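S.K.: Structure in structure tokens, see below.
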Protein chains: 2
Amino acid sequence: MPVLVLDTCSGTFSVGVVTREKVLSEISGGMGRTHASKLLPAVKQAFDLCSMALADMEAIAVTRGPGSFTGLRIGIATAKGLALAAQKPLVGISPLAALAANAPFCGRSVWAALDAKRGQVFAACYNLESGFPLALTREMALTPEQWLEQVVGPAVFVGEGASRYRNFLLERLGNKALFAPPSCCLIKAGAAGALAYDALNKGLADTAQSLFPVYLRQADAKPPQQKAPGKPA
Amino acid sequence: MPVLVLDTCSGTFSVGVVTREKVLSEISGGMGRTHASKLLPAVKQAFDLCSMALADMEAIAVTRGPGSFTGLRIGIATAKGLALAAQKPLVGISPLAALAANAPFCGRSVWAALDAKRGQVFAACYNLESGFPLALTREMALTPEQWLEQVVGPAVFVGEGASRYRNFLLERLGNKALFAPPSCCLIKAGAAGALAYDALNKGLADTAQSLFPVYLRQADAKPPQQKAPGKPA
């Protein structure tokens, strides 16, 4: 049975319907501040393109962070709503592993990175020799300088975090740094599907109650400080 | 300026808007017999997703075969119509090179293959070490046995032609054959975009008059034989 995959972790979104053998449909694009309004129409269209419906899904998979705070909340809230309504298992996927999955059988280590803003990236390193991303590091929030300290040996860089600091990395790493083509720098529902099935195979599915976003650091937006009680305004 | 990329060469379709640095939007799916009715709505949606229009494009790119005869004709006819109407250059792309582009920096040779039906594949081998597909063979229509004769050393197989003959290849090649995950077996407009820019950089753009499909073999469907003149029906 297919899995519905949603990603809204970064400046782009991707929605797809994927089986173990095939990507049945996939819609990806840049979203800016409109994740919320474009996500459900894209879900409907992803189903329409392969003549499927929510009831036909084995599970709902969603990138669970790290990533854009607002994006994450929208993606996870939507996935939870769909999973709860259709009583389907929910699978949280690493958006960094999903990015790395864009470079299967890569002959070098693959550093996947999202732009974390505030001068940081969310990054992790993977081995793709088997075609499937195996984590070589944990997921980290790093400044470019801290990132550089983690990079050992030649590596392929994927993701908008890599594009953002491309010149810096090239300057410091020279020809030890290779950059994946634009098509590999987008998180894609199709590639993320393999991670969803891996989790399902290992019995690692969540429910709408048990899945939580992975933020890796404090939220950018904070509520205004409460006034001390008793003091006049 | 972005390029609009269309693919309808196989059992799937993909439409996307791509710049040199970024995939702005991409819509992919299986189409069966409905390429014609779903292609233009997908083009419109690919534009809508990134708030672009035909007039903003630098060129129109289309997979020029080999592939499904009907699919090719629909894709190329649509691309020619759009290019002619908007007075844009047209770029013909190899669908096999586009498939191979799904495995950048692959540590092995990459065999890209489409199911050519009638017991054949359309296949070609590429080197992806630079991240960009460099052809190691010409594009060929081959039976699985003929294909096997061409495979030297370990290789990664991508595309629906590889999936179709997976068991055969595994049986004969053992662990010399690796199979790319499902997300790499779909021709994707985003990955094909890099080929379009390569052609544009080399001044290899076509016009609606000069682009022709690459069939590699005779059409499956033939007109009924004409009756000899003078003979009664």
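S.K.: What list do you get for B:188, A:38, B:202, B:44 if you sort them by fewest beta carbons within 10 Å? It would help to have the intermediate numbers written out before the result.
M.R.: Values: B:188 29, A:38 18, B:202 8, B:44 13.
If I rank by nearby Cβ atoms, fewest first, I get B:202, B:44, A:38, B:188.
S.K.: Using the Cα centre of the protein assembly as shown as the reference point, and only Cβ charges (+1 on K/R, -1 on D/E), how large is the resulting charge dipole? Debye, rounded to the nearest 20. Don't jump to the answer; show the numbers that get you there.
M.R.: Working: 46 positive and 32 negative charges, 123 e Å.
With Lys and Arg at +1 and Asp and Glu at -1, about 600 debye.
S.K.: Same structure again: Averaged over its residues, how many other protein chain Cβ atoms are within 10 Å of peptide A:188-194's Cβ atoms?
M.R.: Working: counts 6, 2, 8, 5, 1, 3, 4.
Average neighbour count from other chains, rounded to a whole number: 4.
S.K.: Here is a further query. Which distances, in nm and shortest first, link the residue A:150 label point to the same label point in every other copy, taking 7 Å along Cα→Cβ?
M.R.: Computed spacing set for this position: 4.2 nm.
S.K.: State the answer as a single residue: which of B:192, B:17, A:87 lies farthest towards the positive end of the charge dipole of the protein assembly as shown, with beta carbon charges of +1 for Lys and Arg and -1 for Asp and Glu, about the Cα centre.
M.R.: The residue sitting most towards the positive pole is A:87.
S.K.: If the only charges are +1 at each Lys and Arg Cβ and -1 at each Asp and Glu Cβ, what is the size of the charge dipole of the range A:1-129 around the Cα centre, to the nearest 20 debye?
M.R.: Working: 12 positive and 8 negative charges, 93 e Å.
The calculation lands at about 440 debye.
S.K.: Can you bin chain B into rounded, prolate or oblate? Criterion: square roots of the alpha carbon gyration tensor eigenvalues sorted a ≥ b ≥ c, rounded for a/c under 1.5, prolate for a/b above b/c, oblate for the rest.
M.R.: Oblate is the answer for chain B, as a/c is 1.5 or above yet b/c matches or exceeds a/b.
S.K.: Continuing with the same structure: On a full-extension model of 0.36 nm per residue, what is the gain between residue B:215 and residue B:70, subtracting their alpha-carbon distance, rounded to one decimal in nm? Write out the running numbers ahead of the final one.
M.R.: Numbers: separation 145, 0.36 × 145 = 52.20 nm, distance 1.08 nm.
Full extension of this stretch gives 51.1 nm more.
S.K.: Next question. Ordered shortest first, which distances in nm separate the 7 Å Cα→C-beta label point of residue A:204 from those of the other copies?
M.R.: When each copy's label point is compared with this one, the spacings are 4.2 nm.
S.K.: Next question. Would you mind giving the mean number of other chain beta-carbons within 10 Å of the Cβ of each residue in B:17-24, as a whole number?
M.R.: Numbers: counts 2, 2, 1, 2, 5, 9, 11, 6.
That average works out to 5.
S.K.: Enter the mean number of other protein chain beta carbons within 10 Å of the beta carbon of each residue in A:103-113, as an integer. The partial results should precede the final answer.
M.R.: On the way: counts 8, 13, 15, 7, 6, 2, 0, 1, 0, 0, 0.
That average works out to 5.
S.K.: Same structure again: What is the dipole size for the range B:139-202, taken about its Cα centre, with +1 at each Lys and Arg Cβ and -1 at each Asp and Glu Cβ, in debye to the nearest 20?
M.R.: On the way: 6 positive and 6 negative charges, 35 e Å.
Taking the Cα centre of the range B:139-202 as origin, the dipole is about 180 debye.
S.K.: Shifting gears a bit: Put the label 7 Å from Cα along Cα→Cβ for residue B:119; what are its distances to the other copies, in nanometres, shortest first?
M.R.: 6.8
S.K.: How far, in whole Å, is the nearest Cβ of chain B from the axis relating it by rotation to chain A, and which residue carries it?
M.R.: B:107, 2
S.K.: Turning to a different aspect of this structure: Listed here are the pairs B:117/B:176; A:176/B:188; A:176/B:176; A:188/B:22; A:22/A:188; A:22/B:80; which of them are more than 20 Å apart at the Cα?
M.R.: B:117/B:176; A:176/B:188; A:176/B:176; A:22/B:80
Each value in this text was obtained by applying a stated rule to the coordinates, not by laboratory testing. None of these values were measured; they are calculated from a predicted model. Please note: Cβ atoms are built from the backbone with ideal geometry, for glycine as well, and neighbour counts cover all protein chains shown.
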